[in-house]
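See below for the structure under consideration.
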Amino acid sequence: MDAEAQESFREFVANRSTALLRTAVLLSGGDRHAAEDLLQNALVKAVGRWHRIDEPEAYVRQILYRQQVSRWRLKWPRRELSVAEPPEEPVAGTDDSAAAELRLLMRGALARLTARQRTVLVLRYFEDLPEADVARLLGCSVGTVRSTTHRSLARLRALAPELAALGRGDTEQQPPSRDFSPLEVRP
C-alpha cells in the first residue's frame, strides 16, 4: 500500500470508526468487546483492498453485516458477557436522561433477541435499509426479511413493552398517527 492510500485509510478510520462501532455494537447485542473485534476484522479485510474500493463506508458496513451473519451461523457460538459502557460520549451541559434511559432499554431488549433478529432490526431501522437490500446483504429472500422483522418486533414488544411508551414520550395511550414507530402496537 502506497503512502497516499495509507493516509486515506487512516483518515477514513479516524472519521468513521465511531459510527461504524455503534453499528457493530448494535449488531453484537451490546457487547462492546465483540463489536470492537467485529469492526477490527472488517477494517483488516478492507485495508487489503483499499485501493480498489469505491465506497469505503458501504464496503466496510457490508463486511460487518456478513461477518455477523457468519457468527450466528457458527455451530458453537462464542458467548461472552460484557458490561462495557456504550460508545456514545455525553455532551456537556445537556440533560439526556430520557434518551439515555431509552438507549439502555433498547440495548437490553436487543441483547435478548437472537443474533439474526437483532441483525435484521439493526439493518432495517438503524441503518434504514429497504427490505431488498437487507435480503441481499443477509443472503435470504425478501419474504424471510419481512417475517423475521415481524417476529423480531413482536418479541421486542413482548420483552420490553415500556419501549413503546418511552418512544411516544409518555405512558398514556395515544391515538395512532401516521408517524408509526416500529415499537408501537397497532390497534
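Here, each number is a calculation from the coordinates, and none is a lab measurement. As the structure is a prediction and not an experimental result, all values here were calculated from the model. Using ideal geometry, Cβ is built from the backbone for each residue, glycine included, and neighbour counts are taken over all protein chains shown.
Here the spin labels are modelled as points 7 Å beyond Cα on the Cα-Cβ line, and at LEU104 and ALA154 they lie 3.1 nm apart. Working note: Debye formula, equal point scatterers on the alpha-carbon atoms of segment 108-165, no solvent; log10 I(q)/I(0) at q = 0.18 Å⁻¹ is -0.56.
The modelled label-to-label distance for the pair SER8/SER97, using points 7 Å beyond Cα in the direction of Cβ, is 4.9 nm. What is the sum of charges, Lys and Arg at +1 and Asp and Glu at -1, for the other residues whose Cβ falls under 14 Å from the Cβ of GLU131? Overall, the nearby charge balance is 0. Label point of HIS51 set 7 angstrom out along Cα-Cβ; within segment 1-35, amide nitrogens under 11 Å from it belong to 1-6.
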